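Asker: Shown below is the structure under consideration.
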Amino acid sequence: MITSTNNLIFTVLQTALKAGKAIMEIYAEPFDVEFKSDNSPLTIADKKAHSIIVVALAGTGLPILSEEGSQISYDTRKSWNDFWLVDPLDGTKEFIKKNGDFTVNIALISNQQPAMGVVYAPVPAYLYWGSENGSFRLDVSKSDNKIYEHPDKIFQFAERLPCISRPD
């Protein structure tokens, strides 16, 4: 289990970036489309991103509920206090259309509440995340390539997003 919040966030950010890089490599080439039992599209990019995320998050010791993973019964899931909720390639239809409107989504759910979330939009190269420490955005295209190696670089280049209270 990862102990430090910053290390955990860094792991998830790095994972989202790696999944996004793999997706973009596939995006640049011709690819096949298959269909799941619900008739939704599935590509090698969905599968590759899923694999990258599952391998990286396995070290946390938490269960992973992924759109591209195996079906896990509610009876099993209902006892989970903490788990990862993942959509490795959200917007597969847009990915297929090559309109750039897709993301990598990874969230940590704790006691039925979101505890941390990461969204990476590879085409505009924006990485967003939020936790109890606030919400942030990183323009990956304008940051130093060292962000892939050093957590302090990710946090150094990130912009803190304002917290806007909503009236009740």
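The values are calculated or read from the model by the stated rules, or taken from the named source; none is laboratory data. Bear in mind that the values here come from a model prediction, so they are computed numbers and not experimental data. Ideal geometry is used to build each Cβ from the backbone, glycine not excepted, and the neighbour counts take in all protein chains shown. Areas reflect the complete protein model, heavy atoms only, side chains present, ligands, DNA and RNA absent. Shrake-Rupley method; radii C 1.70, N 1.55, O 1.52, S 1.80 Å.
Asker: Give the residues of the range 31-42 that are exposed (fewer than 11 other Cβ atoms within 10 Å of the Cβ) and aromatic (Phe, Trp, Tyr), sorted by residue number.
Answerer: Phe35
Asker: Pick from Ala45, Ala28, Ala58: which is open to solvent by less than 50 Å² (accessible area, probe 1.4 Å) and small (Gly, Ala, Ser)? Walk me through how you get there before you give the answer.
Answerer: Values: Ala28 fails: open to solvent by less than 50 Å² (accessible area, probe 1.4 Å); Ala58 fails: open to solvent by less than 50 Å² (accessible area, probe 1.4 Å).
Among Ala45, Ala28, Ala58, only Ala45 is open to solvent by less than 50 Å² (accessible area, probe 1.4 Å) and small (Gly, Ala, Ser).
Asker: Which numbered condition trips up Leu89, out of (1) open to solvent by 40 Å² or more (accessible area, probe 1.4 Å); (2) part of a strand (DSSP E or B); (3) touching a helix residue (DSSP H, G or I) at 6+ places or on another chain (Cβ under 6 Å)?
Answerer: Result: Leu89 fails condition (1) only.
Asker: If the Cβ limit is 6 Å and pairs must be 6+ apart or interchain, which residue in the range 51-72 that is farther than 12 Å from Thr15 by Cα pairs with which residue that is assigned to a helix (DSSP H, G or I)?
Answerer: Hits for this filter: Ile64/Val54; Ile64/Leu57; Ser66/His50; Glu68/Asp46; Glu68/His50.
Asker: Which residues, taken from the range 93-118, are aliphatic (A, V, I, L, M) and either modelled with pLDDT under 95 or under 17 Å from Leu65 (Cβ atoms) (or both)?
Answerer: Val104, Ile106, Ala107, Leu108, Ile109, Ala115, Met116, Val118
Asker: Might you let me know whether the range 153-167 holds any residue that is modelled with pLDDT of 80 or more, over 19 Å from Asn6 (Cβ atoms) and part of a strand (DSSP E or B)?
Answerer: Checked the range 153-167: no residue is modelled with pLDDT of 80 or more, over 19 Å from Asn6 (Cβ atoms) and part of a strand (DSSP E or B).
Asker: Please specify each residue of the range 19-40 satisfying the condition of being touching a residue at least 60 places away in the same chain (Cβ under 8 Å), in a helix (DSSP H, G or I) and either closer than 16 Å to Thr60 by Cβ or among the aliphatic types (A, V, I, L, M) (or both).
Answerer: Taking the range 19-40 first, the residues touching a residue at least 60 places away in the same chain (Cβ under 8 Å) are 19-21, 23-24, 27, 33.
Now narrow it down to the ones that are in a helix (DSSP H, G or I): 19-21, 23-24, 27.
Correct list: Ala19, Ile23, Met24.
Asker: With respect to Lys97, determine if the residue is touching a helix residue (DSSP H, G or I) at 6+ places or on another chain (Cβ under 8 Å), within 16 Å of Tyr27 (Cβ to Cβ) and open to solvent by 80 Å² or more (accessible area, probe 1.4 Å).
Answerer: Taking the combined requirement at face value, the residue does not satisfy it.
Asker: What are the pairs with Cβ atoms under 9 angstrom where one residue, in the range 135-155, is surrounded by 15 or more Cβ atoms within 10 Å (Cβ to Cβ) and the other, located anywhere, is modelled with pLDDT under 80 and of a type in the set (Lys, Arg)? Sequence gap at least six, or different chains.
Answerer: Close Cβ pairs (under 9 Å, with a partner that is modelled with pLDDT under 80 and of a type in the set (Lys, Arg)) amount to Ser143/Lys153; Ile147/Lys153; Lys153/Lys146.
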